[in-house]
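Rule-based calculations on the coordinates, nothing more; no lab input. Here the structure is a predicted model, which is why all the values come from computation and not from measurement. Quick reminder, even Gly has a Cβ in these numbers, built from the backbone with ideal geometry, and neighbours come from all protein chains shown.
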């Protein structure tokens, strides 16, 4: 119990910092560039790519944290492979402030394809991180409570597989139709939050 | 107990990071622009909008954390809707470094109205987050201790409603009298801290 | 116990973030300004004010955290005034990345006086925060374990009083002899760490 | 137990923040410099020094945290010298965002030697921090559980000694063959993670 408490604390720290650093990517318009009140309103409105990217990534990290939280609820020990798989998963969370800033910078330009492709590819890597973590629950030694309901593990597996498919698909799609790829990302986000809120397993 | 401990840890992380990131918005005057000791004093004094915005937001986040802390003291379980409502509340805290930096950048300019209006609007959203969170305490399943004193929940409700009214009013007022709107924000802050320090419920 | 655990978690978060943000103030020399290996060595050596300010502030925050840690060990409840006094103390820690960056920017210039004076004044405010916090241990209600040894509280009081005297003195001194004021700060830091390591109360 | 829980929380905070701040060093190419999709792809590819430095440092901090985690599992008390030795170890973690950014900035230039030398020297200091910490486990008072298996302490000692030797060697080597020094660092990282994953002590 004590051991996992500390893995949770470290993971919570990384999730909390990554989700809060997202805001640093939204830059205040410098006052030298502003010459009227409507100028400032327009500048703030032109920041919509930043707001969109912020909200999308905030939601994704929040859903990840909720899943992480429920997963750890049914564990009471850990193994070194599990620790490193968890570290790899945290790596995929840590890079989100970068991919989010890249998306915000290019979403309203003609060069949006690489930004969307990389953002979706980040999702592929994140899904791989979840797969790896779920794998280490059984090998090299089982980490689950003996009396655990597998419904929750299965629900995380399903949402990981759905994510993997959507992210691989949208990574490819981004090379031709980046905006459609992005809309599919947003829909995945809405599906995930809806499924997650309505999940039976508290 | 264990479950809520982790929600608290994640929330504490977000509160602690948001409150500490505020300081990054206060920029040291670059030494190339300084040509005498009194130059530096003047530059430091001209940073007063940053100090003011920093102190205002620090106080607001601190009061939010204190309320959050007392609320979680009377809970011993959680639900998924509660987790997401808490996530939404944290979102409204996370954006404060941005709205604070915006306020600091424009408070001493002629273009202060949008900055104050958005700052107050952030308060409206934050009040909505609190309302949503309080709502999820009862539905879909009750989360409060059976023997809880409702005095504390009522006190948070009242301070949320007061905040909601003041923030809606000042958001509108900011379009005509931004400085008065800001002074009302400051007064709300003082009222909140005073009420909170004198509250009976420890 | 549970209540104070969360105050500790929030405080630990703020201490940990403030101490880690210090490093952001040390800027990597941009590669456009470098034209040889010895250029880079020289640029890195010319960053000594940043290294000095980083180490000084890292040590001060670390000593503060150690004292905070030992203080909370002898408490088992809290009060709202205590929470806000703790919040004020954390405010004085949170501003350190700013005062540290200011010190680093001006220590090697002719305009060092305001930077040293403000840095020392930050110490005065920090000492006042400690005084306030120690005050709320007894009023409005006693928070200490009944069987607590007062030796530790007395040791924190003494080191706070020593700090208050040195910081008030050096704040004034900085207007005439900033470097001497800074050396006295460094000596206070060495005295504190030495006293703290040799303290009897674990 | 309670006392060490808080040292762990503070340390976890510093590890989590340092590991997450690494991402801030990877800068999004500004859209003004980009004139075609392939321009953006090329810019993103030219960021490879940043990706490399990020991954190297992420891995090093993760291995450090895993070792720290296992070490604290076998302790149940602390001493002031131990607290300060731990603070010094955290200092060597805190500086990594700087040395990582320095490495990323210069790895693809002709002036890479100082960057690699300092990066390796950071490893020397980190090894010294571990040595100091391990020393305070026995003096001034023993901190280990009475029934502890020394295998784990020995394993940390060995990996610290290996690190010390490699880091001292590569610090010197960096003055002549910086790239070879860097490759040796990477190999140390792979050896450490492999050894750590296969370690018997969970």
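Things to note:
- Working from Cα pairs under 8 Å separated by at least six residues, relative contact order for chain D is 25 percent.
- Between helix D:178-198 and chain D: long-axis angle, C-alpha atoms, 0 to 90°, nearest 10: 40 degrees
- For residue B:169, inter-copy label distances in nm, listed shortest first [label point 7 Å out on the Cα-Cβ vector]: 5.2, 5.2, 7.3
- Other-copy label distances relative to residue A:48, 7 angstrom Cα-Cβ extension, nm: 3.9, 3.9, 5.5
- Each part reduced to its alpha carbon centroid, the stretch B:110-139 and the stretch B:162-202 end up 12 Å apart.
- Angle in degrees between helix D:2-21 and the longest Cα principal axis of chain D, rounded to the nearest 10: 10 degrees
- Looking at the stretch A:1-137, the pairs of alpha carbons with a distance over 19 Å make up 56% of the total.
- Theoretical ellipticity at 222 nm over the protein assembly as shown - DSSP helices of four or more residues, -39500 (n - 2.57) apiece, nearest 500: -25500 deg cm²/dmol
- Overall dimensions of the protein assembly as shown, expressed as equivalent-ellipsoid semi-axes from the Cα gyration tensor (√(5λ), whole Å, largest first), are 34, 34, 32.
- Semi-axis lengths, Å, the stretch A:140-191, gyration tensor of Cα atoms, sqrt of 5 times eigenvalues: 33, 12, 6
- Pseudo-label separations to other copies for residue D:27 - Cα-to-Cβ vector, 7 Å, nm: 1.0, 1.0, 1.4
- Neighbouring partner chain Cβ atoms per residue of D:46-57, average, 10 Å criterion: 1
- Inter-probe distance in nm under a simple model that places probes 7 Å from Cα toward Cβ, at residue B:154 and residue B:141: 2.8 nm
- Efficiency of FRET from Cβ geometry, residue D:132 and residue A:45, R₀ 45 Å, rounded to 0.05: 0.25
- Distance between the stretch A:1-52 and the stretch A:63-102 - C-alpha centres, whole angstrom: 20 Å
- Over the C-alpha trace of the stretch A:161-202, radius of gyration and Dmax come out as 12.1, 41 angstrom.
- Of all the options D:189, D:41, D:130, the one that moves most in a Gaussian network model of chain D with Cα springs shorter than 10 angstrom is D:41.
- P(r) weight above 20 Å for the stretch A:59-202, C-alpha pairs, percent: 49 percent
- 17 Å reach of a label modelled at residue D:165, 7 Å along Cα-to-Cβ, counting backbone N of the stretch D:104-142: D:124, D:127-128, D:131
- Of all the options C:96, C:187, C:164, the one that moves most in a Gaussian network model of chain C with Cα springs shorter than 10 angstrom is C:187.
- Relative protection proxy for D:99-110, D:75-86, from highest mean packing down: D:99-110, D:75-86 (other beta-carbon atoms within 10 angstrom).
- Hull shadow area, averaged, the stretch A:63-137 [alpha-carbon convex hull, nm²]: 5.1 nm²
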